[in-house]
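**Q** Please read through the structure below; I'll follow up with questions.
The values are calculated or read from the model by the stated rules, or taken from the named source; none is laboratory data. Predicted, not measured: the structure shown is a model, and the values here were computed from it. Cβ sites come from the backbone with ideal geometry, for glycine too, and all protein chains shown count toward neighbours.
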Ligand SMILES: Nc1ncnc2c1ncn2[C@@H]1O[C@H](COP(=O)(O)OP(=O)(O)OP(=O)(O)O)[C@@H](O)[C@H]1O
Ligand SMILES: [Mg+2]
């Protein structure tokens, strides 16, 4: 599930930085490590742990110091990119942070429950609700949102949040296809009866909200163009990633408020499918709810119906 290109890029970056460090003396390296640790940019608990590691290591050598500095730089980079301490488990963050540090940060997010509760209790943060989860913005101007599971029976029938995040990760790698894209996933948290996924908050309205008149159709929405783009996106998804969304209903397709283009969310039922669609359909013995193009056809019909009523 790794993006090998990105990984190679990161690897060569790391190699270049490593070379720079290789030219430094032991004392210069030690100074540099302390400078980063004392900069206040590293989470205090992590800084404390690494500081201790340095102090207590009797065989501290250049090699070890270089490793520590590289580790610290990875944290700084992920942190800077996401701007917020709790949002370091992003797709790119996964490449910058090693498992050990990720675990450590996770363990330190002690206030996470309270934070989620606070967000939930503010009506202005509510973004939408499906059959499995509710989605809340992480603040009025926040760029991230929480998908919080509430129906654990239904949740168990589909992908867990880790799988959902992995699907989003895969699709994000494709970039925009015909102007269509998915939200960037950041991290997930799963505990018994307390699970959420943090992802990019889209500036978009769902087709469902439009059909139910909870949101208005963005001005720049072009019906023909919208569905053509959506079909091209799905075709590419099938061909390049072998991913089938399998749940393209009106709650899972959104319209971007700026571009009017589709945004596809909710990979809770997605699957990797390596054989052709016809076979897949036959195997399951069911057409609707499985075949992405059939689902788009339904959406098109709904939109036609809606516009007819809307116009009259
Ligand atoms: N990244 C996002 N940005 C903005 N709004 C979102 C985002 N993700 C979800 N929403 C809103 O929240 C609603 C519910 O999200 P989602 O579809 O992921 O939940 P679900 O319970 O898995 O849905 P389903 O009933 O399809 O299983 C969406 O219909 C949409 O209105
Ligand atoms: Mg949904």
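**Q** Yes or no: residue 60 at pLDDT 85 or above and either part of a loop (DSSP other than H, G, I, E, B) or touching a strand residue (DSSP E or B) at 6+ places or on another chain (Cβ under 7 Å) (or both)?
**A** yes
**Q** For residue 272, only one of the following conditions fails: (1) in contact with a strand residue (DSSP E or B) (Cβ under 9 Å, 6 or more places away or on another chain); (2) within 16 Å of ligand 1 (Cβ to nearest atom). What is its number?
**A** (2)
**Q** Within the group 256, 219, which residue is away from ligand 2 (no atom under 16 Å from the Cβ) and modelled with pLDDT of 95 or more?
**A** The conditions single out 256.
**Q** Do we have residue 157 as in contact with a strand residue (DSSP E or B) (Cβ under 7 Å, 6 or more places away or on another chain), over 17 Å from residue 261 (Cβ atoms) and within 16 Å of ligand 2 (Cβ to nearest atom) here?
**A** no
**Q** Determine whether segment 131-154 contains at least one residue that is more than 15 Å from ligand 2 (Cβ to nearest atom), under 21 Å from residue 249 (Cα atoms) and in the same structural domain as residue 244 (by TED's automatic domain parsing).
**A** yes
**Q** Can I ask one more? May I ask you to verify whether residue 198 is in the same structural domain as residue 135 (by TED's automatic domain parsing), over 19 Å from residue 134 (Cα atoms), away from ligand 2 (no atom under 15 Å from the Cβ) and touching a strand residue (DSSP E or B) at 6+ places or on another chain (Cβ under 9 Å)?
**A** No; evaluated as a whole, the condition is false for this residue.
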